[in-house]
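A.B. asks: One structure, as structure tokens, below. Some questions next.
The values are calculated or read from the model by the stated rules, or taken from the named source; none is laboratory data. None of the values given here were measured: they were computed from a predicted structure. Note that we place each Cβ from the backbone using ideal geometry, even for glycine, and neighbour counts take in every protein chain shown.
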Amino acid sequence: MKALLIASIVIAAAFSTSCNTFIGLGRDLRVLGQGIEDRAQAPGKESSPNKPQQEGGAPVY
């Protein structure tokens, strides 16, 4: 049982260290933060679904 747990942790660590994984996570967090800021600045207004998405400075592979 311990061996399975350790193997799972090692495999999860190997997959989570991918550059694309962290780039995607960073973009998701940036979009989440932007949404929170938009809601805080304009309470009661819904954000426009047609608002263009801003690309970060991270490379796209």
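A.B. asks: Based on this model, can you work out whether Val31 counts as under 18 Å from the mean Cα position of the chain (by Cα), among the hydrophobic types (A, V, I, L, M, F, W, C) and modelled with pLDDT under 75? Full working, then the answer.
C.D. replies: On the way: under 18 Å from the mean Cα position of the chain (by Cα): yes; among the hydrophobic types (A, V, I, L, M, F, W, C): yes; modelled with pLDDT under 75: no.
No: the conditions fail for Val31.
A.B. asks: Could you please find all residues in region 1-43 being of a type in the set (Lys, Arg) and surrounded by fewer than 10 Cβ atoms within 10 Å (Cβ to Cβ)?
C.D. replies: Let us first name the residues in region 1-43 that are of a type in the set (Lys, Arg), namely 2, 27, 30, 39.
The one that is of a type in the set (Lys, Arg) and surrounded by fewer than 10 Cβ atoms within 10 Å (Cβ to Cβ): Lys2.
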